[in-house]
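Every number here is computed from the coordinates shown, using simple stated rules; none is lab data. It should be emphasised that the depicted structure is a prediction, and the values quoted were computed from it without experimental measurement. When we count neighbours, we look across all protein chains shown, and the Cβ atoms used for this are built from the backbone with ideal geometry, even at glycine.
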Amino acid sequence: MEKVKFGVIGMGNMGSLHAENLLKMREVYLKVIYDIDVKKASYLARMLGIPNVAASWEEVMDDPEIDAIVIAVPTVLHYEIISSAIKSGKRWIFTEKPLTHNLESAKELLKLVEKNNTKLQVGFNRRFDHNYKKIHDIVKGDKIGEIHIIRDITRDPEIHGVDFLTSSGGLFYDIFIHEFDIVRYITSQEVERVYAVGSVKWEPRIKELGDYDTAVVLLEMSGGAIAVIEGSMKSVYGYDQRLEVFGSKGSILILNDRETATALTDANGLLLDKPLQDVPPHRPLMHTKHRYEESYFEELYEFVRCIFENKTPLPTAEDGYKANLVAECAKISSKENKPILVGNLKGI
């Protein structure tokens, strides 16, 4: 079997993780990596056994042998690098979330993808997490009935730093973006109206940037469901990511990841994966690689499978654009203190 030749652009936390996962796949040949820190890239290449280190990201684009590219650079660089990859003829592109750092560039990128028939996957890895997949399948199987309310909690263990915040797009584009996608994924409904309230509880410098470290966002969905998303950039006890779907037939709850992580309640009572007395004490997870290790591999493996089968990988560039659309609505709503109709921003 001929292997797919990959290049990875950006070898920070996520880029190096993606490189390691690609090296585990027998269908893949990771030919080249690039990072702005050439010494770091060279060191990682030696450690991981990657044969080539590019002097620029353009060098990766221009290599005719490269079939697919993974992009894991700061969000503010996404549009420039992804659009260059498309224009250079690269048909298969995997990019970290979000698609871009604002709505206007996301829309332009979506047009480019559609015009060039590019197969682009956005790294919304939670769609590939075992707990979120389970809740999606239960909802799709009509065990919850008509969806009434989704409650989503997302709290990170640590604030990444002010420099990161200025390049990531901020709270709604960096942290909440996962929730905006997962609500669409689980409900199979579109977001119609957004109301957001934000505040600064942890890091005073964030206020100087015009951003928040804590927020609550309410989404009104096209099928009548209401989603309430609560988020914080910091949690002293590690990752806190829970989700409940409440409907006409019952509810399904994702708890923080441990041996018992889902709880289904219906007319017959409560059903846990395992009796609570058999569950060991929960230890805080302080890094995304630990909480979502499996999903990061699975999302990339799905991308590789789509290359071999010539199928459109999910989540698509359109999914990325729609998440950006909700993020922009939340950003405007939090500043103007009023609900924002998503349809009013589609023309941007």
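Can you give the FRET efficiency for residue 116 and residue 236, using 1/(1 + (r/R0)^6), R0 = 45 Å, r = Cβ-Cβ distance, to the nearest 0.05? Each step should come with its number before you reach the end.
On the way: r = 46 Å, r/R0 = 1.03.
Approximately 0.45, to the nearest 0.05.
Build a GNM of the chain with springs between Cα atoms under 10 Å: which of 46, 184, 193 gets the top mean-square fluctuation?
In this elastic network of the chain, the residue with the biggest mean-square fluctuation among 46, 184, 193 is 46.
Relative to the longest principal Cα axis of the chain, at what angle does helix 103-116 sit, 0 to 90 degrees, rounded to 10?
60 degrees
Ignoring everything except DSSP H segments at least 4 long, calculate the 222 nm mean residue ellipticity for the chain; use -39,500 (n - 2.57) per segment, divide by total residues, nearest 500. Write down the numbers at each step before the final one.
Numbers: 13 runs with 132 residues, N = 348.
After summing the helix terms and dividing by the residues of the chain, the value is -11000 deg cm²/dmol.
Determine the gain in length on full extension of the stretch residue 40-residue 2; use 0.36 nm per residue of separation and subtract their C-alpha separation, reporting nm with one decimal.
Contour length minus Cα-Cα distance gives 10.7 nm.
Over the residues of segment 131-223, compute the C-alpha Rg and express it relative to 2.2 N^0.38 Å. List each step's numbers first, then the result.
On the way: Rg = 15.4 Å, N = 93, 2.2 N^0.38 = 12.3 Å.
With N residues counted in segment 131-223, Rg over 2.2 N^0.38 Å equals 1.25.
Hey, which lysines would be in cross-link range of residue 40, C-alpha to C-alpha under 25 Å, not counting anything within fewer than 8 residues on its own chain?
Filter leaves 5, 24, 31, 97, 289.
Sorting 149, 86, 71 on the 10 Å Cβ count, fewest up front, what's the list?
Values: 149 13, 86 21, 71 24.
Ascending number of Cβ neighbours within 10 Å: 149, 86, 71.
Kindly state, to the nearest 0.05, the FRET efficiency for residue 55 paired with residue 130, given R0 = 51 Å and r defined as their beta-carbon distance.
Numbers: r = 40 Å, r/R0 = 0.78.
The formula returns an efficiency of 0.80 here.
What is the fewest-to-most order of 43, 212 by other Cβ atoms lying within 10 Å of their Cβ?
Working: 43 14, 212 24.
Placing the least packed residue first, the sequence is 43, 212.
Using modelled amide H (1.01 Å from N, peptide plane; none on Pro or chain starts), what sits under 5 Å from the amide H of residue 192, excluding residues fewer than 5 places away?
For residue 192, the qualifying residues are 220, 221, 222.
Subtracting the Cα-Cα distance from 0.36 nm times the residue separation, let me have the gained length for residue 305 to residue 91 in nm, one decimal. Please report the intermediate quantities before stating the final value.
On the way: separation 214, 0.36 × 214 = 77.04 nm, distance 1.46 nm.
In short, 75.6 nm is gained.
Got the relative contact order for the chain handy, in percent, Cα pairs under 8 Å and 6 or more residues apart?
Values: 707 pairs, mean separation 67.3, N = 348.
Contact order relative to length: 19 percent.
Whole angstrom only: what separates the Cα centroid of segment 1-25 from the Cα centroid of segment 309-348?
Segment 1-25 and segment 309-348 have Cα centres separated by 28 Å.
For residue 160 and residue 192, calculate 0.36 nm times their separation in residues minus their Cα-Cα distance, and state this gained length in nm to one decimal. If you can, show how the numbers build up before the last one.
On the way: separation 32, 0.36 × 32 = 11.52 nm, distance 3.09 nm.
Computed gain between residue 160 and residue 192 is 8.4 nm.
For segment 309-348, what size does the Cα cloud have along each of its three principal axes, sorted from largest down, in whole Å?
47, 17, 12
For the chain, taking Cα atoms only, what is the radius of gyration to one decimal and the Dmax to the nearest whole Å?
Values for the chain (Cα only, Rg and Dmax): 20.2, 62 Å.
Give the angle, between 0 and 90 degrees and rounded to the nearest 10, that separates the Cα long axis of helix 176-187 from the longest principal axis of the Cα atoms of the chain.
Taking Cα atoms only, the helix is inclined about 70 degrees.
At a 10 Å Cβ-Cβ cut-off, how would you order 47, 25, 233, 14, fewest neighbours first? List each step's numbers first, then the result.
Details: 47 10, 25 17, 233 26, 14 21.
Listing 47, 25, 233, 14 from fewest to most nearby Cβ atoms yields 47, 25, 14, 233.
Could you give me the ³J(HN,Hα) list for segment 210-221, computed from phi with Karplus coefficients 6.51, -1.76, 1.60 and θ = phi - 60°, whole Hz, x at Gly and Pro?
Ordered by residue, 3J(HN,Hα) equals x, 10, 10, 10, 9, 7, 10, 10, 10, 10, 9, 9 Hz.
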